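The values are calculated or read from the model by the stated rules, or taken from the named source; none is laboratory data. Keep in mind it's a predicted model, so treat the numbers as computed, not measured. Don't worry about glycine lacking a Cβ; one is built from the backbone with ideal geometry, like all the others, and counts go over all protein chains shown.
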Amino acid sequence: MGVLDVRSVVKIYPGHGAGDDPVKALADVSFTVRENEFCSILGHSGCGKTTLLNIMAGFDAATLGEITLDGRPIGKPGWERAMIFQDYALFPWLTVLGNVGFGLDMKRVPAAEREAIAKRQIALVGLNGFEHRYPHQLSGGMRQRVAIARALAVDPSVLLMDEPFAALDAQNRSMLQDEMVRIFMEQRKTMVLVTHSIEEAIKLSDRIIVMTRRPGRVKADIEVRMSRPRAEEDPEFVALKARIRDLIHDEFDLSEAPAAAAATR
Amino acid sequence: MSELATARATGALSPEELAALHAQHRPPGLFQRAARLVGLLLFFGLWELMSVVILPRIDPNLVTLMPPPTSVLAGAWELIQSGDLFKHFKASLQREAVAFLYASAAIPIGIVMGWSRTAQHLLEPVFEMLRPIPPIAWIPLAILWFGISDLQNQFIIFLGIFFPLLINTIAGVKNVEPNLIRAARCLGASELDVLVRVVFRAALPQIVTGVRVGLGVGWMALVAAELVGATSGLGWLISDARSVLRTDIILVGMISIGLAGLLIDQGLRWVAKKLLPWSLAMTR
Ligand SMILES: Nc1ncnc2c1ncn2[C@@H]1O[C@H](COP(=O)(O)OP(=O)(O)OP(=O)(O)O)[C@@H](O)[C@H]1O
Ligand SMILES: [Mg+2]
């Protein structure tokens, strides 16, 4: 369960006429995420990472090519592909318990069982005692924990994450990364993480997809076989980090628009 | 165990911390309350002085046009004892309530218009054409249609409530955070779940705003409708008192209209605060 196959995906956003030309966000992207594998997608801003994740979730359709989950083409969004957003996207009118139980409610799980599962997930992300708080009463790190618990509660085949830790401060970010590693080891399932951080990708992933600048293609598909938890001082970690940095750095020099590259530098 | 956990969640507060907390969130001081009272007393005092001492010196008949607060109070007492004030109060409130029930159709219509482009394109031109017409401008036509009746009054109030409620509902739906809808969908929500459990809930604060604005506009429309097309209600009370030159009753009616409007709005605010604690906290 949870084999995600990306096959020659092309995504072109239509322009809206005068001065607004169509944008090719993804050009022929192919890779496979194996069962229970943690896969990170790295690449420059605007290379189509969110676009790819949105197609995986079913929020948007590929222009050409297709993505399959366990052999079946991806259709409408559904709980088998739960998503964690950068801005948490918690329901502000529901308590922590209500948010975590929302997906179970949609699956029509009976109330007692729903609460039991929700409480277990809340405990898993370390939020015991906060069940009856509303999202606005929580810190950013705590909100993202709620979002993680909410996504895991429906027991998806794939967990999709779009820069989930980007809005957090450094300390919270590294804490949540460590917890993500722990959660991944406890609840083995396929996970796809979009990130800007090379360290984050190495810390968490079995597979790292490095993308080119827009239009996004797969520049490198790297398997990481270090044992977890991974220390940043580990020579293997350091070497891989340097390798990926070079890959991404290359992209600057190869950029088709040197002026734009200089501006972002 | 949950108690322990809550203690950990909030952290135990030391006496100094509690004192500092109370000092920062003190209720309005005695002095400020006294100042408000003094302002009111001054207003009524000046009014009494004007009506009892100054106006009679200019022309004794003027007092009839501007009775002092004490006579207004006496008039109010007379109306309360006879039960008239309550009767008219009730008649007006009832009309407002019935009209609101009809006008609340604006909520589902607004949700559909905010959600579906087709529905919006279909309905918007008609509503946009009708909306700028003030409810009061409908009174002559409404009297011909419904006569001097409750129905005529309710129709005018309905128009007053409907459009603000509709506009706010549409805006509320359009402003729903797109990621909330996406989150719901990838948690397995059906289209109906999304509409009822997410879009409606997320738009609720703005819908409540629409209800508040609507009931306010409706209340104004109500008084206008009653002035010319009713045989009961607070609006009728003041128009009837005018024909017999009972200015004290006119003033009692005016004050009651103001008070009732205030009461409706405060009641709604209270309900909203109870029902939507999260939305107030977010807009603070
Ligand atoms: N709805 C849209 N309509 C038109 N163009 C779009 C749309 N969404 C994204 N794009 C364009 O497609 C390209 C890829 O966008 P995408 O959001 O996938 O990038 P990203 O890799 O997630 O970037 P970031 O790291 O900044 O989040 C960008 O050039 C963007 O401007
Ligand atoms: Mg993105």
Those residues of region A:131-146 which are facing chain B (nearest Cβ under 8 Å) and surrounded by 21 or more Cβ atoms within 10 Å (Cβ to Cβ), in sequence order: A:135
For region A:68-78, check the following and say yes or no: at least one residue is buried (at least 17 other Cβ atoms within 10 Å of the Cβ) and either within 16 Å of ligand 2 (Cβ to nearest atom) or over 30 Å from residue A:247 (Cβ atoms) (or both). yes
Inter-residue pairs, beta-carbon under 9 Å, first farther than 18 Å from residue A:39 by Cβ and in region A:49-68, second near ligand 1 (Cβ under 8 Å from one of its atoms) and of a type in the set (Val, Ile, Thr), 6+ apart: A:60/A:51
Of the conditions (1) away from chain A (no Cβ under 14 Å); (2) buried (at least 19 other Cβ atoms within 10 Å of the Cβ); (3) within 19 Å of residue B:111 (Cβ to Cβ), residue B:172 clears all except one; give me its number. (1)
Please indicate, with yes or no, whether at least one residue in region A:49-63 is away from ligand 2 (no atom under 16 Å from the Cβ), in contact with a helix residue (DSSP H, G or I) (Cβ under 8 Å, 6 or more places away or on another chain) and under 17 Å from residue A:195 (Cα atoms). no
Could you please tell me which pairs satisfy a Cβ distance under 7 Å, a separation of 6+ or placement on different chains, a first residue in region B:250-279 that is away from every other protein chain (no Cβ under 14 Å) and free of Cβ contacts under 8 Å to residues at least 40 places away in the same chain, and a second residue that is surrounded by 18 or more Cβ atoms within 10 Å (Cβ to Cβ) and outside any helix (DSSP H, G or I)? none
Helices (runs of 4 or more DSSP H) within region A:13-129 that include 1 or more residues within 12 Å of chain B (Cβ to nearest Cβ) and among the charged types (D, E, K, R): A:96-106, A:111-124
Condition first: among the charged types (D, E, K, R), more than 13 Å from chain B (Cβ to nearest Cβ) and either on the phi < 0 side of the Ramachandran plot or buried (at least 22 other Cβ atoms within 10 Å of the Cβ) (or both). Can you find one or more residues in region A:156-164 that meet it? no
Can you find, within region B:115-137, the residue that is farthest from the chain's Cα centre (by Cα) among those that are in a helix (DSSP H, G or I) and closer than 14 Å to residue B:173 by Cβ? B:117
Given (1) facing chain B (nearest Cβ under 10 Å); (2) of a type outside the set (Gly, Ala, Ser); (3) outside any helix (DSSP H, G or I), number of the condition residue A:150 does not satisfy: (3)
Go through the residues of region A:206-217 one by one and say whether even a single one is under 19 Å from residue A:124 (Cβ atoms) and in contact with a Leu (Cβ under 8 Å, 6 or more places away or on another chain). no
Do we find a residue being hydroxyl-bearing (Ser, Thr, Tyr) and buried (at least 19 other Cβ atoms within 10 Å of the Cβ) anywhere in region A:225-247? no
Could you tell me which residue of region B:178-192 is farthest from residue B:205 (Cα to Cα), considering only residues that are surrounded by fewer than 23 Cβ atoms within 10 Å (Cβ to Cβ) and more than 7 Å from chain A (Cβ to nearest Cβ)? B:190
In region A:22-38, which residue that is within 15 Å of ligand 1 (Cβ to nearest atom) and of a type in the set (Gly, Ala, Ser) is surrounded by the fewest Cβ atoms within 10 Å (Cβ to Cβ)? A:27
Considering region A:133-185 alone, what residues qualify as being within 16 Å of ligand 2 (Cβ to nearest atom) and in contact with a strand residue (DSSP E or B) (Cβ under 6 Å, 6 or more places away or on another chain)? A:160, A:161, A:162, A:163, A:164
Looking only at region B:150-183, how many residues end up being touching a residue at least 40 places away in the same chain (Cβ under 8 Å) and more than 30 Å from residue A:84 (Cα to Cα)? 18
Would you check if residue A:192 is within 14 Å of chain B (Cβ to nearest Cβ) and either closer than 22 Å to residue A:240 by Cβ or within 16 Å of ligand 2 (Cβ to nearest atom) (or both)? yes
Considering only residues that are exposed (fewer than 11 other Cβ atoms within 10 Å of the Cβ) and more than 25 Å from the chain's Cα centre (by Cα), which ones fall in region B:40-89? B:41, B:42, B:53, B:57, B:58, B:59, B:60, B:61, B:81, B:82
Can you say whether residue A:115 is buried (at least 17 other Cβ atoms within 10 Å of the Cβ), among the acidic types (Asp, Glu) and modelled with pLDDT under 95, as far as the supplied structure shows? no
